[in-house]
1. Can you pull out every residue in the range 82-105 that is basic (Lys, Arg) and more than 19 Å from THR54 (Cα to Cα)?
2. Just to be sure, is LEU29 assigned to a helix (DSSP H, G or I) and either touching a helix residue (DSSP H, G or I) at 6+ places or on another chain (Cβ under 7 Å) or within 14 Å of ILE150 (Cα to Cα) (or both)?
3. Filtering the range 67-99 down to residues that are aliphatic (A, V, I, L, M) and under 20 Å from GLU151 (Cα atoms), which residue is surrounded by the most Cβ atoms within 10 Å (Cβ to Cβ)?
4. Testing ARG106 on (1) surrounded by 14 or more Cβ atoms within 10 Å (Cβ to Cβ); (2) in contact with a helix residue (DSSP H, G or I) (Cβ under 8 Å, 6 or more places away or on another chain); (3) more than 19 Å from ASP36 (Cα to Cα); (4) not aliphatic (A, V, I, L, M), one condition comes back false. Which one is that?
5. For the range 111-129, enumerate the residues that are over 18 Å from SER33 (Cβ atoms), charged (D, E, K, R) and in contact (Cβ under 8 Å) with a residue 12 or more places away in the chain.
6. Can you pull out the residues in the range 5-35 that are modelled with pLDDT of 70 or more and either touching a strand residue (DSSP E or B) at 6+ places or on another chain (Cβ under 8 Å) or among the basic types (Lys, Arg) (or both)?
7. Go through (1) charged (D, E, K, R); (2) without any contact (Cβ under 8 Å) to a residue 40 or more places away in the chain; (3) farther than 15 Å from LEU39 by Cα one by one and return the number of the condition ASP141 breaks.
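The values are calculated or read from the model by the stated rules, or taken from the named source; none is laboratory data. Nothing here was measured: the structure is a model prediction, and the numbers come from that model. Every residue, glycine among them, receives a Cβ derived from its backbone with ideal geometry; neighbour counts consider all protein chains shown.
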Amino acid sequence: MTTWPPTRSHEVERIMANPNAGIPIEILLVEDSPDDACLTVDALQDGRVRNNVTVVDDGVKAMAFLRREGRYASAPRPDLILLDLNLPRKNGREVLAEIKSDPSLRRIPVVVMTSSDDEKDIVAAYNLHVNCYVTKPVDLDQFIGVVKSIEHFWFSIVKLPPAA
């Protein structure tokens, strides 16, 4: 049975079958380290799924982007959020809590990508309903491999619900 007009989730499924077709996947990267942001964007652009990556460097900007406020009024709704925990102005835990408590945002998968492997941070993130917690490897090749694995998992394997 085909739904007409196609929904965003149908379009995402079609892109997975043919990565060069249709609209690109939207990814919001919330990362305050310029080096980590560049590495992540490069790894995602080298991946097999066509994507647009928007980078914001603090939690306040992340929430403004997600709520389409101010300069982000025409921002696309992301299909995936990659979130660092240690952010200026509003930390990643606060951003995660706001996302998961907002009915219009809570279905967007959030992957915490952080340098912290502290068990308290991991438990706190899952208590806030993070979808996945990944510790950033220090090794460059491993870092790139992790980013590509995240992309592959969330856009080739997982079945996501439509936007709220």
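1. ARG93, LYS100
2. no
3. Only one residue tops the list, namely LEU82.
4. Of everything listed in (1) surrounded by 14 or more Cβ atoms within 10 Å (Cβ to Cβ); (2) in contact with a helix residue (DSSP H, G or I) (Cβ under 8 Å, 6 or more places away or on another chain); (3) more than 19 Å from ASP36 (Cα to Cα); (4) not aliphatic (A, V, I, L, M), ARG106 misses just condition (1).
5. The answer is none; no residue qualifies.
6. Result: PRO24, ILE25, GLU26, ILE27, LEU28, LEU29, VAL30, GLU31.
7. (3)
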